[in-house]
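The values are calculated or read from the model by the stated rules, or taken from the named source; none is laboratory data. Worth saying up front: this structure is predicted, and the values here are computed from it rather than measured. As a convention, Cβ positions derive from the backbone with ideal geometry for all residues, glycine included, and neighbour counts pool all protein chains shown.
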Amino acid sequence: MNRRRLIVMRHAKAEPFAATDHQRVLTERGQKAAKDAGRHLAATGAVPDHAVVSSAVRAVATWEGVAEGSGSEAEARFDGSVYTGSPDVVLEALRTVPHEAEVVIFVGHNPTASYLAHLLDDGNGEPAAVREMLQGYPASALAVLEVEVAWRELGPETGHLVDFYVGHG
């Protein structure tokens with residue numbers, strides 16, 4: 001089976017307030033960081049071909065910046081359930097990704113993004129990436145995991161952390 005990659009990303013820096021939490025927009029720094037993260041993905045050969053994105057304004061804008069920076073033309077699925085959902089809800093959404101997808105990105109929120117990345121990692125990740133991820137999961141952070149199971153089988157310890165990067169704004 002081909003090795004798949006899953007990118008677990010926390011949205012970029014957003015304004016602290018809006019009429020509702022769902023409507024918070026990215027700051028200028030956040031917009032730059034999202035594009036930077038996309039450029040990093042392109043440079044490391046991890047351009048998404050499928051995206052599962054929280055429906056929150058800041059997550060959608062983060063995906064748009066990543067897509068622009070990476071050159072990705074993936075169709076995104078904007079999902080309200082992953083905006084408020086637990087890691088289990090996100091896992092369920094990721095298990096429905098098309099079988100042929102090779103590089104999938106999830107753009108969401110903390111603490112779900114951080115918890116999910118740690119949950120999926122098998123504990124044998126690249127030491128530098130593991131060290132970085134253990135220091136926190138700031139805005140515009142992304143973990144890249146190699147996944148050797150079918151998407152429908154995604155679960156605890158089914159990924160191998162190969163990269164951790166924080167977009168710069």
Worksheet item: (1) out of contact with any Lys or Arg (no Cβ under 8 Å at 6 or more places or on another chain); (2) assigned to a loop (DSSP other than H, G, I, E, B); (3) under 15 Å from Pro138 (Cα atoms): which one isn't true of Met9, the others all being true?
Response: (2)
Discussion item. With the structure loaded, tell me whether Phe164 is touching a helix residue (DSSP H, G or I) at 6+ places or on another chain (Cβ under 7 Å), closer than 15 Å to Val53 by Cα, among the aromatic types (Phe, Trp, Tyr) and modelled with pLDDT of 95 or more or whether it fails that test.
Written reply: no
Worksheet item: Scanning the range 17-62 for residues that are in a helix (DSSP H, G or I) and touching an Asp or Glu at 6+ places or on another chain (Cβ under 7 Å), which turns out farthest from Ile105 (Cα to Cα)?
Response: Lys35
Discussion item. Being hydroxyl-bearing (Ser, Thr, Tyr), farther than 22 Å from Arg24 by Cα and in contact with a strand residue (DSSP E or B) (Cβ under 7 Å, 6 or more places away or on another chain) is true for just one of Tyr83, Tyr165. Which residue is that?
Written reply: Tyr165
